[in-house]
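Report on one structure; see the data block that follows.
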Amino acid sequence: MDACDNVMEKINRPLGLIRVDSLEGITSGTRSVINTRSIAYLALFLALIGLEGFLFAVRGDVEALLLRTPGMLYHENRPGIISNLYNYQIDNKTKEELEVRFVIEGFETAEIEYIGQAPTLMPSQEAEGLLFIHIPREDLTERSLKLRVKAIKGERVLDELSTTFFSPVSNE
């Protein structure tokens, strides 16, 4: 476009032969930057910026994931205690160091055993690890249980998770 205007200027012809314009702009000869399309794009852009700001404002301080280790069923490591192995991943989105622990909701007799140590997350860091959940056989009523697990720091709940616990108990 610039090369065309340079050539047209040298031969004393009207500029703008090659340009970005609408059909209305070409036929009427007027050029307007503000039109329906540019207003719609501006509104969409502002809506997306607002949505991103809202999502950033309501995000949690920590995002945790707790999944049963693939290919593993239940274990009976101690007599009368059924165990499942889980992988956890925790993402610290704050600027403070967090010592996170998991608590199982609804099963007072359930225990959590970390392989290694409980996760400590540095600011803006991620931690991964393994843990066992142990539940006494007499407290199990189904082959597959839905467990509610909370990731907490002190008394503050950072994230709430849901996972599945497998056992040899049949609900038939």
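So which residues in the stretch 106-126 are part of a strand (DSSP E or B) and modelled with pLDDT of 90 or more, if there are any at all?
So in the stretch 106-126, the residues part of a strand (DSSP E or B) come out as 111-115, 120-121, 126.
Within the stretch 106-126, E111, I112, E113, Y114, I115, E126 meet the criteria.
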Of the residues in the stretch 89-100, those that are loosely packed, with under 14 Cβ neighbours inside 10 Å and closer than 13 Å to E160 by Cα number 0
Does P79 meet the test of being under 20 Å from D159 (Cα atoms) and not charged (D, E, K, R)? no
Just one listed residue, out of N12, N77, N92, is of a type outside the set (G, A, S), assigned by TED's automatic domain parsing to the domain that holds G154 and modelled with pLDDT of 85 or more, and it is N92
Practice prompt. With respect to R101, determine if the residue is of a type in the set (K, R), in the same structural domain as L131 (by TED's automatic domain parsing) and under 25 Å from the mean Cα position of the chain (by Cα).
Written response: yes
message: So for the stretch 29-43 (the condition being closer than 30 Å to K93 by Cβ and under 33 Å from the mean Cα position of the chain (by Cα)), does at least one residue qualify?
response: no
* Report yes if some residue within the stretch 78-93 is in a loop (DSSP other than H, G, I, E, B), over 30 Å from E126 (Cβ atoms) and either over 27 Å from the mean Cα position of the chain (by Cα) or not polar (S, T, N, Q) (or both); otherwise report no. => yes
Filter the stretch 71-84 for residues that are of a type in the set (G, A, S) and in contact with a strand residue (DSSP E or B) (Cβ under 9 Å, 6 or more places away or on another chain); the one that is surrounded by the most Cβ atoms within 10 Å (Cβ to Cβ) is S83
Taking the stretch 134-157 and keeping only residues that are basic (K, R) and under 18 Å from the mean Cα position of the chain (by Cα), one is left with K150
Sole miss for S28 among (1) small (G, A, S); (2) within 30 Å of L121 (Cα to Cα); (3) modelled with pLDDT under 90 is condition (2)
L131: passes all of (1) under 16 Å from I82 (Cβ atoms); (2) under 25 Å from the mean Cα position of the chain (by Cα); (3) not in a strand (DSSP E or B) but (3)
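Quick check on this structure: which one of A118, A110 is surrounded by 13 or more Cβ atoms within 10 Å (Cβ to Cβ) and in contact with a helix residue (DSSP H, G or I) (Cβ under 9 Å, 6 or more places away or on another chain)?
Details: A118 fails: in contact with a helix residue (DSSP H, G or I) (Cβ under 9 Å, 6 or more places away or on another chain).
Of the residues listed, the single one that is surrounded by 13 or more Cβ atoms within 10 Å (Cβ to Cβ) and in contact with a helix residue (DSSP H, G or I) (Cβ under 9 Å, 6 or more places away or on another chain) is A110.
The values are calculated or read from the model by the stated rules, or taken from the named source; none is laboratory data. Because the structure is a prediction, the values reported are computed rather than measured. Please note: Cβ atoms are built from the backbone with ideal geometry, for glycine as well, and neighbour counts cover all protein chains shown.
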